[in-house]
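The values are calculated or read from the model by the stated rules, or taken from the named source; none is laboratory data. None of these values were measured; they are calculated from a predicted model. Please note: Cβ atoms are built from the backbone with ideal geometry, for glycine as well, and neighbour counts cover all protein chains shown. With ligands, DNA and RNA removed, areas are computed over all heavy atoms of the protein, side chains included. Shrake-Rupley method; radii C 1.70, N 1.55, O 1.52, S 1.80 Å.
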Amino acid sequence: QIIKRQLYEHHGVQEYWLIHPTDRVVTIYILENGQYGRPDIYEFSATVTAKTVPGVAVEFERVAQAISA
């Protein structure tokens, strides 16, 4: 996680999502001024909208159901 985050930051990846199915959380980093700040963290019950890709939203309750199936 640390190395990949550093690589993505270095190469300008605007938005980086880490999905933690065991912990049932999503960690999202947004690139601002060339660096990732503190991440936003959401539970799997949330619907999360991408900040850098218009029209993309993930309903994590549905993801959790698919993982449990």
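Hey, could you check the stretch 1-49 for residues that are aromatic (F, W, Y) and under 26 Å from A66 (Cβ atoms) and say which is modelled with the lowest pLDDT? Even if it seems obvious, please write down each step before you answer.
Applying the first criterion (aromatic (F, W, Y)) to the stretch 1-49 yields 8, 16-17, 29, 36, 42, 44.
Those left that are additionally under 26 Å from A66 (Cβ atoms): 8, 16-17, 29, 42, 44.
Values: Y8: 97, Y16: 94, W17: 94, Y29: 96, Y42: 93, F44: 85.
For the stretch 1-49, the residue satisfying everything is F44.
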Go through the residues of the stretch 11-32 one by one and say whether even a single one is under 12 Å from the mean Cα position of the chain (by Cα), in a helix (DSSP H, G or I) and free of Cβ contacts under 8 Å to residues at least 40 places away in the same chain.
no
I'd like the full set of residues that are closer than 29 Å to H10 by Cβ, in a loop (DSSP other than H, G, I, E, B) and either in contact (Cβ under 8 Å) with a residue 40 or more places away in the chain or open to solvent by 50 Å² or more (accessible area, probe 1.4 Å) (or both), limited to the stretch 40-69.
K51, T52, V53, P54, G55, V56
Filtered residue count, the stretch 20-39, keeping only those that are exposed (fewer than 15 other Cβ atoms within 10 Å of the Cβ) and within 24 Å of R62 (Cα to Cα)
4
